[in-house]
Amino acid sequence: MNCTKCKTKAAIKLPRHHAAFCKNCFNGFVHDQVAKAIKSQKMFGKDDRILVAVSGGKDSLALWDILLKLGYKADALYVNLGIGNYSERSYEKVRDFADRVSVPLGFTLHTHTVEQEEGAGIRELAQLVHRPTCSTCGTIKRYQFNRAAIEHEYDVMATGHNLDDEAARLLGNVLHWQEEYLDKQGPSLPASVEGFAKKVKPLYRLTERELAAYCVLNKIDYIVEECPMAQGARSLLYKEVLNRLETESPGTKQTFYWGFLDKQRKKESAPTTMAQKDQAMLRSCTTCGQPTTAEVCSYCKLMVRAKTPASR
Ligand code: SF4
Ligand SMILES: [Zn+2]
Ligand SMILES: [Zn+2]
């Protein structure tokens, strides 16, 4: 099998693009896809300061690497969830990448340690507030990433969500007809109000397999196993189903998700979208000042419950 572009020996086959690439041409393809995503969704420019949410997994480390190679100013934030060995090993991967690649280029790795800042690891916190671990984790990560972006004056926050993540999320939202979530799902969410950072997903045109290949070919060491809390998650089932469809019919995931984005773009000209209605309801949390639709934001409510002896 030879590279579609330069005809030397190919390193990876991409059925959804009817192509095969050698390492160099594959890197060019990955960089092009990210550059296209950034441009078409008006994510950020060369002068903007970007904060990348890194977890130690392939997607977020590949994202940090690609943004730096494309010449963007990108620092990163790692949230240490305090999940035993998993968190230790994922932090090692992030630290190693930062020390080897980002810090020598003058970029910074920020860290937030949940055990220190919120007083307990994510599993213990979830037990204290009687909520599922992943929903507690989501609340804390969203809050802390936004806080770091605002406090350190970043222009935009970037996450490593890929095409598989977005297509699985779309499938879940469609299966349950969660119109409210459908309306908010997209690769570029503007900074709706003062205090809310703009959020972007520059990897939405690349699959999990392509990002894993990018890391392997570029010697980016990442944590291979999923977070132990992800076991049994619905999103994994949706990904499996989409992978079966993709094997039978290459290109299914991108047709599904990109088609949705096309429809969403056309809808944006409609007078008032649900996201705009939501924005109109935002106000400052009376405890911490971050934007929220309630009087007190969900992070502050969670922390009150975690610290109230009656909830234990
Ligand atoms: S699987 Fe759950 S606990 Fe683990 S990182 Fe994801 S949301 Fe957090
Ligand atoms: Zn080539
Ligand atoms: Zn608050």
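Only a single criterion out of (1) under 19 Å from Glu225 (Cβ atoms); (2) over 17 Å from the mean Cα position of the chain (by Cα); (3) part of a loop (DSSP other than H, G, I, E, B); (4) not aromatic (Phe, Trp, Tyr) is not satisfied by Gly56, namely (2). Does Ile12 satisfy being touching a strand residue (DSSP E or B) at 6+ places or on another chain (Cβ under 9 Å), in contact (Cβ under 8 Å) with a residue 24 or more places away in the chain and farther than 27 Å from Gly186 by Cα? Spelling it out, Ile12 is indeed touching a strand residue (DSSP E or B) at 6+ places or on another chain (Cβ under 9 Å), in contact (Cβ under 8 Å) with a residue 24 or more places away in the chain and farther than 27 Å from Gly186 by Cα. When region 253-312 is limited to residues that are under 22 Å from the mean Cα position of the chain (by Cα) and part of a loop (DSSP other than H, G, I, E, B), the one that is modelled with the highest pLDDT turns out to be Cys297.
Evaluation of Ala213 against the conditions (1) more than 16 Å from Arg16 (Cα to Cα); (2) outside any loop (DSSP other than H, G, I, E, B); (3) of a type in the set (A, V, I, L, M) shows that the sole unmet condition is (1). When Gly195 is tested against (1) more than 30 Å from Leu282 (Cα to Cα); (2) in contact (Cβ under 8 Å) with a residue 40 or more places away in the chain, just one condition goes unmet, and that condition is (1). Any residue at all in region 179-200 that's within 27 Å of Asn80 (Cβ to Cβ), over 13 Å from the mean Cα position of the chain (by Cα), of a type in the set (Gly, Ala, Ser) and within 16 Å of ligand 1 (Cβ to nearest atom)? No, there is no match, as no residue in region 179-200 is within 27 Å of Asn80 (Cβ to Cβ), over 13 Å from the mean Cα position of the chain (by Cα), of a type in the set (Gly, Ala, Ser) and within 16 Å of ligand 1 (Cβ to nearest atom).
Kindly indicate whether Ala158 is more than 16 Å from ligand 1 (Cβ to nearest atom) and in contact with a Phe, Trp or Tyr (Cβ under 9 Å, 6 or more places away or on another chain). Break it down stepwise before answering.
Details: more than 16 Å from ligand 1 (Cβ to nearest atom): yes; in contact with a Phe, Trp or Tyr (Cβ under 9 Å, 6 or more places away or on another chain): yes.
Against the criterion (more than 16 Å from ligand 1 (Cβ to nearest atom) and in contact with a Phe, Trp or Tyr (Cβ under 9 Å, 6 or more places away or on another chain)), Ala158 qualifies.
The values are calculated or read from the model by the stated rules, or taken from the named source; none is laboratory data. These numbers were taken from a predicted model, which means no experiment stands behind them. Cβ coordinates were reconstructed from backbone atoms using ideal geometry, including for glycine residues, and neighbour counts include every protein chain displayed.
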